[in-house]
Amino acid sequence: MPLLLLAAARPCARLLAPSAAGAVVGRPSTARPLGRGTRRGAGAAAAAAVAAEKTVVKAEEEEEGGGEYDAIVVGSGIGGMVAATQLAAKGARVLVLEKYVIPGGSSGYYRRDGFTFDVGSSVMFGFSDKGNLNLITQALEAVGHKMEVIPDPSTVHFHLPGDLSVLVHREYDDFVTELVNKFPHEKEGILKFYGTCWKIFNSLNSLELKSLEEPLYLFGQFFQKPLECLTLAYYLPQNAGDIARKFIKDQQLLSFIDAECFIVSTVNALQTPMINASMVLCDRHFGGINYPVGGVGGIAMSLADGLVDKGSEIRYKANVTNVILENGKAVGVRLSNGKEFFAKTVISNATRWDTFGKLLKVEELPEEEKNFQKNYVKAPSFLSIHMGVKASVLPADTDCHHFVLEDDWANLEKPYGSIFLSIPTVLDPSLAPEGHHILHIFTTAGIEDWEDLSRKDYEKKKEFVATEIIKRLEKKLFPGLQDSIVLKEVGSPKTHRRFLARNDGTYGPMPRGKPKGLLAMPFNTTSIDGLYCVGDSCFPGQGVIAVAFSGIMCAHRVAADIGLEQRSPVLDAGLLGLLRWLRTLA
């Protein structure tokens with residue numbers, strides 16, 4: 001949820017800006033929107049971004065459909081791009097089809113009046129230079145690319161009921177010291193809970209992360225690291241809230257851990273798988289949060305460049321409407337303009353609901369998907385506010401990321417109850433004109449609140465809700481915020497649905513009840529031969545680090561299935577049967 005609020009970036013209002021003339025095929029840019037730049041006008045970063053937006057290779061309208069690929073990837077979100085680039089690095093011929101004009105999906109960017117906005121949040125996990133969970137770094141390296149990053153000295157500053165203020169420092173010892181100072185009577189419980197997180201994280205971090213659905217890999221990892229594999233197997237069906245309650249009794253501290261998990265998964269700790277929680281609660285101290293110079297959108301742009309460098313393709317303004325089946329096997333896709341493309345495999349980076357509700361035309365939902373929808377519902381969407389403000393409104397020592405829940409813990413999971421705020425210009429001032437900052441503001445919202453409104457009422461409601469959110473931030477953090485605004489754009493759940501093809505604006509699944517850890521989460525394979533899924537509705541869930549993990553696992557499994565990796569068909573049948581049986585139990 002791995003940072004659904006933090007890292008599974010959200011769309012802005014009117015997500016348009018890039019001026020690419022029509023769809024493109026192949027490389028999206030010859031100059032990426034990177035470069036440190038200076039505060040004045042963004043320097044090299046802005047120049048590179050403009051070049052990226054205007055550089056096109058070949059209009060999609062000039063291309064014919066057809067041709068045989070090893071894999072077609074529907075959608076260029078981080079999960080899809082990691083899967084595509086990992087496959088291309090293994091020698092596969094891959095085609096990525098993106099309905100928009102730049103890659104990245106909810107991890108893209110847009111520009112307005114000199115401001116470069118991340119479509120979503122700015123907390124980037126998996127971007128360090130050490131360990132095995134630096135998955136974004138690994139994905140870029142696989143296609144010969146590297147990005148300059150800026151270390152964030154903290155992850156998030158919590159502002160919570162009862163005037164509880166907790167800053168999550170980059171250094172683990174500093175964070176624990178601060179938390180123990182707030183709850184000295186729970187020192188032992190704090191050390192044991194977060195110590196358990198480290199035990200899980202270290203086990204994950206010691207393994208070469210590939211597909212859990214590929215038996216030869218699993219058996220090899222087990223024989224090399226049996227203790228670590230058994231540790232992960234033990235915690236796989238457990239949730240963070242249950243572990244926390246073994247060690248901690250203070251209700252306010254447990255509520256803080258709920259807030260920690262909420263920004264991981266948009267649900268409380270009792271509903272957050274312990275493995276998910278451990279990945280982000282420890283990686284923020286191990287590799288740290290590192291912001292890409294020039295903005296988050298540069299990640300997908302660099303991956304797209306690397307994909308093309310490896311001889312594969314990405315096509316823009318390519319709206320996939322159907323997965324083509326022959327004798328029950330996925331063999332290709334059809335676009336909204338009628339063109340068809342064929343491949344040995346199809347990978348959907350769409351949500352699970354869009355994949356099996358829109359792209360796949362079958363008379364009856366496969367049993368596996370029925371079980372998924374029985375166990376999970378769509379997580380809520382978000383109201384997002386992107387603003388340019390005068391820098392003078394922010395204190396000089398302002399932290400980059402804030403989480404605000406003012407008065408009542410009961411409001412944590414309610415629509416508009418809590419606010420996440422990101423200020424990326426604290427790290428990279430080149431994203432805004434001199435003397436200005438960027439604010440990204442997110443709060444949960446259900447799409448049902450925004451349906452059946454006239455255009456006038458819809459715009460009026462957006463303005464009203466955004467104003468109330470800004471007033472809350474003004475009261476809690478930044479007096480005078482309203483008067484400092486020079487640019488403001490508001491996106492509702494309908495914005496997320498429209499521009500990013502997120503079913504009802506959702507960002508992944510949320511358990512209907514108390515889940516059994518990650519056991520009920522679907523993996524990359526589906527019951528349709530040749531069709532795979534990747535992204536936030538697959539194991540291990542939401543967030544940049546999670547969807548990158550999903551992409552790496554998917555690429556490894558697909559590569560094994562098409563003969564680019566070793567595989568064991570006999571072991572496959574038994575393992576897949578076991579995994580599906582375990583998910584029915586969950």
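The values are calculated or read from the model by the stated rules, or taken from the named source; none is laboratory data. The model shown is predicted, which means the values in this text are computed figures rather than measured ones. As a convention, Cβ positions derive from the backbone with ideal geometry for all residues, glycine included, and neighbour counts pool all protein chains shown. We work out accessible area using only protein heavy atoms, side chains counted, and drop any ligands, DNA or RNA first. Shrake-Rupley method; radii C 1.70, N 1.55, O 1.52, S 1.80 Å.
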So, of the residues in segment 257-272 that are part of a helix (DSSP H, G or I) and either modelled with pLDDT under 90 or aliphatic (A, V, I, L, M) (or both), which turns out to be nearest to L421 (Cα to Cα)?
I263
Of the residues in segment 233-249, those that are among the aliphatic types (A, V, I, L, M), in a helix (DSSP H, G or I) and within 20 Å of L191 (Cα to Cα) number 3
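Which residue out of K182, K99, K130, K187 is open to solvent by 20 Å² or more (accessible area, probe 1.4 Å) and in contact with a Leu (Cβ under 8 Å, 6 or more places away or on another chain)?
Within the list K182, K99, K130, K187, the selection yields K182.
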Give segment 74-127 a look and list any residue that's closer than 26 Å to I289 by Cβ and of a type in the set (K, R), or say none.
R111, R112
Looking for something within 30 Å of P522 (Cβ to Cβ) and at pLDDT 95 or above - is there at least one such residue anywhere in segment 156-171?
yes
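With D504, D457, D452 as the choices, which residue is at positive phi and either open to solvent by less than 20 Å² (accessible area, probe 1.4 Å) or in a helix (DSSP H, G or I) (or both)?
Numbers: D457 fails: at positive phi; D452 fails: either open to solvent by less than 20 Å² (accessible area, probe 1.4 Å) or in a helix (DSSP H, G or I) (or both).
Within the list D504, D457, D452, the selection yields D504.
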Output the number of the condition that A269 fails; it satisfies all remaining conditions of (1) surrounded by fewer than 24 Cβ atoms within 10 Å (Cβ to Cβ); (2) under 23 Å from L133 (Cβ atoms); (3) without any contact (Cβ under 8 Å) to a residue 40 or more places away in the chain.
(1)
Given T196, T155, T177, which one is of a type outside the set (G, A, S), free of Cβ contacts under 8 Å to residues at least 40 places away in the same chain and farther than 24 Å from C554 by Cβ?
T177
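Check segment 310-319 and report whether any residue there is within 30 Å of V426 (Cβ to Cβ) and within 24 Å of the chain's Cα centre (by Cα). Reasoning before the result, please.
Initial filter on segment 310-319 (within 30 Å of V426 (Cβ to Cβ)): none.
Scanning segment 310-319 turns up no residue that is within 30 Å of V426 (Cβ to Cβ) and within 24 Å of the chain's Cα centre (by Cα).
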Within segment 244-271, considering residues that are more than 19 Å from N202 (Cα to Cα) and β-branched (V, I, T), the one farthest from the chain's Cα centre (by Cα):
I248
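Are there strands (runs of 3 or more DSSP E) fully within segment 68-133 with at least 1 residues that are modelled with pLDDT under 95? List them. Spell out how you get there, then give the answer.
Values: elements: 68-74, 94-97, 109-112, 115-118.
Because the criterion is at least 1 residues that are modelled with pLDDT under 95, the strands (runs of 3 or more DSSP E) in segment 68-133 that meet it are 68-74, 109-112, 115-118.
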